[in-house]
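Q: Take a look at this one; I'll ask things after.
The values are calculated or read from the model by the stated rules, or taken from the named source; none is laboratory data. What you see is a predicted model, and the numbers here were worked out from it, not measured in a lab. When we count neighbours, we look across all protein chains shown, and the Cβ atoms used for this are built from the backbone with ideal geometry, even at glycine. Each accessible area value is taken on the protein alone, full model and side chains, heavy atoms only, with ligands, DNA and RNA left out. Shrake-Rupley method; radii C 1.70, N 1.55, O 1.52, S 1.80 Å.
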Amino acid sequence: MKPSPLNEQLEECLFGGKAASLAAATRAHLPVPAGVALPIGFVDAVAAGDAEARHQLAAIFRTLGAPLVARSSAVGEDSKEATFAGQYVTRLNLRSEPQLIDAVLAISDSARSPSALAYRERLRLAREPKMGVVIQHLVDADTAGVLFSRNPINGSEELVIEAAWGLGESVVAGLLTPDRFRLKPDGAVVERNAGLKDIAIRIDPDGGTHEIEVPDRLAHMLCLDDHQLAALHALLQRCDEVFAGGHDLEWAFAGDRLYLLQRRTLTAIPNPAAAAADREGTR
């Protein structure tokens, strides 16, 4: 199969879980950055050195234009059974055709890393992975982070948002203590807790990213205001209309514009009653 734009209906078995989810969000007019999905067979052809596949990949770069991000989209990834969080490679700020080709090769290789294969074995999944790739415009974020539709600690019915300055990889990778917000299901804010955001990940003009030191005043200042929290709550409500189950979202603000970067099914959430019983038992 050939690469397909993210505004088309994409089958998970051919393009992987992330591509199928982002395509559904794009067709529902959620604010997903424009991009292209590479099917599994195409990624395998690029990895095997197929000249025509690499020529098509270079053409995708010329069509989309820099900067780009390439993310894994394996079959079974971001599913309710297996998220594969942190197992596969993401490449940010790709600014040339060779950088894009190298990114696809790195993502393909990451599917067979020892840790990824061990993860598959632990979950009793088929040993041989099937890896697609999503290529999108990179959002040069002012603030970014994650949003959970339920509290991941105790399973309670509230939204939890974690945020920091710059690209969201600082939050996802646990490089800092992000700001933390809790919202009721109706969007009312019940907690604002400033973290220590002493670094930010920014894009490098030559490609890739680098860490910068955040001034002390900003490091301790909340990076989201009420208007942005309301926008995130509205985005979650729109996701409820498109996807079943709970949501684990990655998002970014560039100026006043909010983008949906990834949507996963929320997994491994504790039962609130069980969590309460555990707390009671420790008293």
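Q: Kindly establish whether residue 181 is open to solvent by less than 40 Å² (accessible area, probe 1.4 Å) and over 22 Å from residue 90 (Cβ atoms).
A: yes
Q: State which residue is modelled with the highest pLDDT when the search covers only the range 73-101 and only residues that are crowded, with 24+ Cβ neighbours inside 10 Å and among the small types (Gly, Ala, Ser).
A: 73
Q: If you don't mind, there's one more thing I want to ask. Looking only at the range 187-209, which residues are over 26 Å from residue 32 (Cβ atoms) and open to solvent by 70 Å² or more (accessible area, probe 1.4 Å)?
A: Residues satisfying the conditions are 192, 193, 196, 206.
Q: Which of the residues belonging to the range 135-163 are under 18 Å from residue 32 (Cα atoms), open to solvent by 10 Å² or more (accessible area, probe 1.4 Å), not in a loop (DSSP other than H, G, I, E, B) and not hydrophobic (A, V, I, L, M, F, W, C)?
A: Listed by number, the list holds a single entry, 137.
Q: Same structure again: Can you tell me how many residues within the range 9-64 are open to solvent by 20 Å² or more (accessible area, probe 1.4 Å), small (Gly, Ala, Ser) and under 24 Å from residue 206 (Cα atoms)?
A: So the count comes out to 2.
Q: So which residues in the range 47-77 are closer than 16 Å to residue 2 by Cβ and either among the acidic types (Asp, Glu) or in contact with a Ser or Thr (Cβ under 7 Å, 6 or more places away or on another chain) (or both)?
A: Of everything in the range 47-77, those that are closer than 16 Å to residue 2 by Cβ and either among the acidic types (Asp, Glu) or in contact with a Ser or Thr (Cβ under 7 Å, 6 or more places away or on another chain) (or both) turn out to be 50, 52.
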